[in-house]
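Working notes, structure below.
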Amino acid sequence: MEDGDDDTVCLGESFFLNRDYELTTFTFGSHSLDLLCLRSASTDFDLTGQLVWPGAVLLNNYLSENAGILKGCSVIELGSGVGVTGILCSRFCHEVVLTDHNEEVLEARSKNHLTNNEEKYRTPLNFRLPNICCFQQSSIPFLFSTVEKLLRHRGGECKFILAYVSRAKLMDAMVVSEAIRHGLQIDEVDGTRSVVANLEGVIFEITLKRD
């Protein structure tokens, strides 16, 4: 090799992308959704939104059994991934806004919307949002900062529903402490503790703390 030659190989983002989606049917109560998603994560480029995670299954089971809480409501989903929860909500809600931070995930979600949304369902709106809704410990403060802003913007006349799947005791404690630190009331919904994919999950309702 001659002096000055550089054998460094630069790989573009597309090298790490996995688009081997499988059309998978998910059933929640009487509602079935056909979604394009991956079976395993493409974490090299933070594309965890290409999967349907246990927390989404937990949340959808809860919402399908309690659809009345969504009637006539407007919903914004933080970190909606391929859209499994947002698309289900669109069958009950007045309006649904889906958010994520990655163009690849947004594209997959748009395809899932076209696959699942018949004319009788409301059309979800897609927006990009900085990555605040993954299960990394460092993301928890940003999640609750966003939740606080949204709840205050609505004057406290709404609530945040969190489907939380426990992965570490430290994170369990941090979820509660960060909610409190941001002036929020966090309450476990009775009867929602269950095991999803061998992990314990629970539903929390989070509101602004009243003075």
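The values are calculated or read from the model by the stated rules, or taken from the named source; none is laboratory data. Keep in mind that this is a model prediction, so the values were computed, not measured. For neighbour counting, all protein chains shown are included, and Cβ atoms are generated from backbone atoms with ideal geometry for every residue, glycine included. Surface areas here come from the heavy atoms of the whole protein model, side chains and all, with no ligands, DNA or RNA. Shrake-Rupley method; radii C 1.70, N 1.55, O 1.52, S 1.80 Å.
Scanning the range 146-170 for residues that are open to solvent by less than 30 Å² (accessible area, probe 1.4 Å) and either at positive phi or in a helix (DSSP H, G or I) (or both) yields V147, L151, G156. The residue pairs whose first member lies in the range 24-39 and is of a type in the set (D, E, K, R), whose second member is buried (at least 16 other Cβ atoms within 10 Å of the Cβ) and assigned to a loop (DSSP other than H, G, I, E, B), and whose beta carbons are closer than 8 Å, counting only pairs six or more residues apart or on different chains, are R39/L51. Among the residues of the range 65-79, those identified as within 16 Å of the chain's Cα centre (by Cα) and open to solvent by less than 60 Å² (accessible area, probe 1.4 Å) are V75, E77, L78, G79.
Selection within the range 141-174: residues that are aliphatic (A, V, I, L, M) and touching a Ser or Thr at 6+ places or on another chain (Cβ under 9 Å). The member of this set that is farthest from L59 (Cα to Cα) is L151.
Could you look through the range 45-64, keep only residues that are outside any helix (DSSP H, G or I) and in contact with a Cys (Cβ under 9 Å, 6 or more places away or on another chain), and pick out the one that is most open to solvent (accessible area, probe 1.4 Å)? Within the range 45-64, the match that is most open to solvent (accessible area, probe 1.4 Å) is D46. Given the criteria under 16 Å from the mean Cα position of the chain (by Cα), assigned to a helix (DSSP H, G or I), of a type in the set (A, V, I, L, M, F, W, C) and closer than 20 Å to H101 by Cβ, does L143 qualify? When the stated conditions are applied, L143 passes them. If I ask for residues that are modelled with pLDDT of 95 or more and of a type in the set (K, R), which ones from the range 160-199 would you list? Hits for the range 160-199 are R181, R193.
Of all residues in the range 173-207, those that are in a strand (DSSP E or B), open to solvent by 50 Å² or more (accessible area, probe 1.4 Å) and among the polar types (S, T, N, Q) total 1. Looking across the range 80-92 at every residue that is buried (at least 20 other Cβ atoms within 10 Å of the Cβ) and assigned to a loop (DSSP other than H, G, I, E, B), the one that is farthest from the chain's Cα centre (by Cα) is identified as F92. Give me the residue from the range 1-39 that is among the hydrophobic types (A, V, I, L, M, F, W, C) and at pLDDT below 85 and, out of that set, nearest to S80 (Cα to Cα). Ranking the qualifying residues of the range 1-39, first place goes to L17. Taken as a whole, the structure places S42 among residues that are at pLDDT below 75, of a type in the set (S, T, N, Q) and surrounded by 16 or more Cβ atoms within 10 Å (Cβ to Cβ).
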